[in-house]
Amino acid sequence: MLNTLVGFTHEMGFRVFSFDRRGGNNVRTRCDVRANLALTRAYGIQVQELPLLCRGLLDRCEDDGQVQSLTFAESDMRACADERTAAREEAAKRRRPWRRLTGESVRVLESGTPNLLPEGPDLDKPGA
């Protein structure tokens with residue numbers, strides 16, 4: 001089944017996405033997916049992500065074009081937020097902490113800002 005976004009409207013705190021569903025017999029069926037905007041904000045889902053998330057909901061629905069209207073439920077939003085949190089934690093585990101290269105030291109200038117200099121003789125003293 002191929003789902004194509006046609007457009008969207010606003011209805012009392014919901015964003016309603018309209019999709020054309022085309023099945024194996026090439027017949028188009030209009031289907032609407034509603035998403036509660038207050039819940040999307042509560043779960044940290046950006047409005048720009050909603051069309052793809054709603055299309056994914058339609059892709060998972062296997063009613064062969066019989067469904068005319070769906071609602072992107074709170075449980076789906078929670079699952080999306082949990083997946084995003086797990087991916088963020090996994091990326092943080094893989095990230096290596098920053099460390100200073102050996103042979104470098106930090107010297108604070110008179111202005112109070114740090115300056116990276118190679119270790120060695122003190123460059124502030126004359127004759128060095």
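Throughout, read-outs are computed from the coordinates displayed, never taken from laboratory work. What you are looking at is a predicted structure, and each value in this text was computed from that prediction instead of being measured. For neighbour counting, all protein chains shown are included, and Cβ atoms are generated from backbone atoms with ideal geometry for every residue, glycine included.
Across region 5-14, coupling constants 3J(HN,Hα) worked out from phi with the 6.51/-1.76/1.60 Karplus curve, θ = phi - 60°, read 5, 9, x, 8, 9, 10, 9, 6, x, 10 Hz, and Gly and Pro carry x.
Report the semi-axes of the equivalent ellipsoid for region 2-94 in whole Å, largest first, where each axis is √(5λ) for an eigenvalue λ of the Cα gyration tensor.
One finds semi-axes of 26, 16, 10 Å for region 2-94.
Of the GluC sites (Glu not before Pro) found in region 30-81, those that fall in a DSSP loop while having at most 14 other beta-carbon atoms within 10 Å are Glu62.
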